[in-house]
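J.: Handing you a structure now.
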Amino acid sequence: MRRLHWLITRPSGRLVGRYGLRTRIHHRRWDPVPLSPVEAVPRIAPTPLLIVHGDADGYFPLDHPRMLAAAAGEHGELWVEPGMGHAENAAPDALLGRIGDWAAGRAG
């Protein structure tokens with residue numbers, strides 16, 4: 001996250017993003033500033049929210065999904081997956097099946 005912050009907030013970081021990563025990042029601040037995920041999660045209720053997070057995620061520590069689950073209250077469910085890294089690229093087929101089953105069980 002520190003690298004991402006540098007990439008976005010510094011002129012030299014934006015140059016690296018533009019020419020090194022071929023991604024242009026505008027220098028102006030966001031207006032309006034988006035809600036943080038912890039602020040946005042309670043607004044999802046009463047829709048159920050499943051948060052799946054790997055305990056081997058190199059980008060976000062476990063306190064992030066735990067804060068989101070706490071903000072979701074009774075409408076949220078957190079699965080911490082042993083050995084899983086970051087995002088769907090690390091999700092095995094069995095986990096994807098469990099997520100599908102969870103979603104199908106809540107379809108209305």
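J.: Taking the condition of being in contact (Cβ under 8 Å) with a residue 24 or more places away in the chain and either small (G, A, S) or part of a loop (DSSP other than H, G, I, E, B) (or both), how many residues in the stretch 25-63 meet it?
T.: Within the stretch 25-63, residues that are in contact (Cβ under 8 Å) with a residue 24 or more places away in the chain and either small (G, A, S) or part of a loop (DSSP other than H, G, I, E, B) (or both) number 11.
J.: While we're here: So which residues in the stretch 25-58 are of a type in the set (D, E, K, R) and either surrounded by 10 or more Cβ atoms within 10 Å (Cβ to Cβ) or within 30 Å of G105 (Cβ to Cβ) (or both), if there are any at all? Spell out the reasoning first.
T.: Here is the first cut: in the stretch 25-58, the residues of a type in the set (D, E, K, R) are 28-29, 31, 39, 43, 55, 57.
Hits for the stretch 25-58 are E39, R43, D55, D57.
J.: Restricted to the stretch 1-24, and to residues that are part of a loop (DSSP other than H, G, I, E, B) and among the aliphatic types (A, V, I, L, M), which residue is farthest from A104 (Cα to Cα)?
T.: Taking the stretch 1-24 as the starting set, the residues that turn out to be part of a loop (DSSP other than H, G, I, E, B) are 1, 10, 21-24.
Add one more test, that the residue is among the aliphatic types (A, V, I, L, M), and what stays is 1, 21.
Numbers: M1: 34, L21: 38 Å.
So, considering only residues that are part of a loop (DSSP other than H, G, I, E, B) and among the aliphatic types (A, V, I, L, M), the one farthest from A104 (Cα to Cα) is L21.
J.: β-branched (V, I, T) and either in the same structural domain as R2 (by TED's automatic domain parsing) or more than 27 Å from R2 (Cβ to Cβ) (or both): which single residue out of I51, I25 fits that description?
T.: Values: I51 fails: either in the same structural domain as R2 (by TED's automatic domain parsing) or more than 27 Å from R2 (Cβ to Cβ) (or both).
Of I51, I25, the one residue that is β-branched (V, I, T) and either in the same structural domain as R2 (by TED's automatic domain parsing) or more than 27 Å from R2 (Cβ to Cβ) (or both) is I25.
J.: Go through the stretch 80-108 and give me each residue that's surrounded by fewer than 14 Cβ atoms within 10 Å (Cβ to Cβ) and of a type in the set (A, V, I, L, M).
T.: A87, A94, L96, A103, A104, A107
J.: Would you check if R28 is modelled with pLDDT under 85 and under 18 Å from the mean Cα position of the chain (by Cα)? Write out each step before concluding.
T.: Working: modelled with pLDDT under 85: yes; under 18 Å from the mean Cα position of the chain (by Cα): no.
Here the answer is no, as R28 does not meet what is asked.
The values are calculated or read from the model by the stated rules, or taken from the named source; none is laboratory data. Everything numeric here is computed off the predicted structure, so don't read it as measured data. As a convention, Cβ positions derive from the backbone with ideal geometry for all residues, glycine included, and neighbour counts pool all protein chains shown.
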